[in-house]
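Please read the structure below before turning to the comments.
The values are calculated or read from the model by the stated rules, or taken from the named source; none is laboratory data. This is a predicted model, so every value here is computed, not measured. Cβ placement follows ideal geometry from the backbone for every residue including glycine, while neighbour counts extend to all protein chains displayed. Accessible surface areas use protein heavy atoms only, side chains included; no ligands, DNA or RNA. Shrake-Rupley method; radii C 1.70, N 1.55, O 1.52, S 1.80 Å.
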Amino acid sequence: MKVRVKYFASFRDMTGKMEESLEVPEGITVEGLREHIKGLYDKMARRNQVLVAVNGAFVPLETVVREGDNVAFFPPVSGG
Amino acid sequence: MIRVQREDVDIDAVLEAVKSDKSGCVVSFLGTVRDTSEGRSVQRMSIEVYEEMAVKQLSMIREEALERFGVNEVVVVHRYGDLEVGDSIVYIGVSAGHREEAFQACKYVIDELKERVPLWKKEYTGDGEVWVEGDRRE
């Protein structure tokens, strides 16, 4: 299945992409998708803190990702 | 009122939006661009946002503050894009019957914003460009 993945801030620099569509196995969890992406990008693999949001909300890492979900990866936030 | 915008904050207009006759005060917080960061001089800043999520997160924080502290109104305006030293970054306004709950709610909103609203600062310093990253853990 295909999922839409966005990258923000330093992660956009590390991947060289704002977003991409990834082919992943059905039933993959948020944590599984994060590992998949760390496998694609060395610089991401070296990061301790990789935050994930699904459809604009923080979700538990064991959440199953569905076809068509919008998943975002980003470093700890620094607004305010 | 929750706004994520490129334009400067119209503080007078936001104050009008947060004030109410049933409130005895407005407590506000204005975050601005500082000219130093961790020993480096900062020349300017840019802020990136995941806008759709930022608006959702700010709306949740606003609801939590209204409920938890019993205040009358909470407004948040956060800017993104290119900013100069001294520019406004974020304005939070809270109106309430009394000051105690207004101060508490205002502090709650800025503390939560810094933990869970997807915004990132990039500082342009004498040593080059630096992404600022918070310390939220999973």
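Shown for the stretch B:102-138: residues covered by the partner protein chains by 20 Å² or more of accessible area relative to the chain by itself (probe radius 1.4 Å), namely B:114, B:119, B:120, B:121, B:131, B:133, B:134, B:136, B:137, B:138. When the C-alpha to C-alpha distance is required to be over 20 Å, the pairs from B:56/B:114; A:6/A:38; B:19/B:114; A:2/A:43 that qualify are B:19/B:114; A:2/A:43. Computed from Cα atoms, the angle from the helix A:30-40 axis to the main principal axis of chain A rounds to 60 degrees. Whole-Hz Karplus values for the stretch B:22-29 come out as 7, 9, x, 6, 10, 9, 10, 10 Hz, taken residue by residue from phi with 6.51 cos²θ - 1.76 cosθ + 1.60 and θ = phi - 60°; glycine and proline positions read x.
Within 10 Å of each Cβ in B:39-52, how many Cβ atoms from other chains are there, averaged over the peptide? Intermediate values should be presented prior to the final figure.
Numbers: counts 0, 0, 0, 0, 0, 0, 0, 0, 4, 7, 4, 8, 1, 6.
Counting Cβ atoms of other protein chains within 10 Å of each residue's Cβ and averaging gives 2.
Amide H to amide H distances under 5 Å link residue A:79 with B:119, where only residues 5 or more positions off or on other chains count and H is placed in the peptide plane. Rounded if a/c is under 1.5, else prolate if a/b is larger than b/c, else oblate: which is the stretch B:2-127, with a ≥ b ≥ c the root eigenvalues of its Cα gyration tensor? Because a/c hits 1.5 or more and a/b exceeds b/c, the stretch B:2-127 counts as prolate. In terms of the Cα gyration tensor, with a ≥ b ≥ c the square roots of its eigenvalues, is the stretch A:16-61 rounded because a/c is under 1.5, prolate because a/b exceeds b/c, or oblate? Verdict is rounded for the stretch A:16-61.
Taking only the C-alpha atoms of the protein assembly as shown, the Rg (one decimal) and the largest Cα-Cα distance, Dmax (whole number), read 18.8, 57 Å.
What is the Cα centroid distance between the stretch B:10-42 and the stretch B:44-122, reported in whole angstrom? Centre-to-centre (Cα) distance: 9 Å. Adding -39500 (n - 2.57) for every DSSP H run of four residues or longer, then dividing by how many residues chain B holds, sets the calculated 222 nm ellipticity at -10500 deg cm²/dmol.
For peptide B:56-62, compute the average count of partner chain beta-carbon atoms within 10 Å of each residue's beta-carbon. Could you put the intermediate results ahead of the total?
Working: counts 4, 6, 1, 0, 1, 0, 0.
Across B:56-62, the average partner-chain Cβ count within 10 Å equals 2.
Karplus-based coupling profile of the stretch A:43-56, in residue order and whole Hz: 5, 5, 4, 7, 8, 6, 9, 10, 7, 10, 10, 10, 6, x, with θ = phi - 60° in 6.51 cos²θ - 1.76 cosθ + 1.60 and x standing for Gly or Pro.
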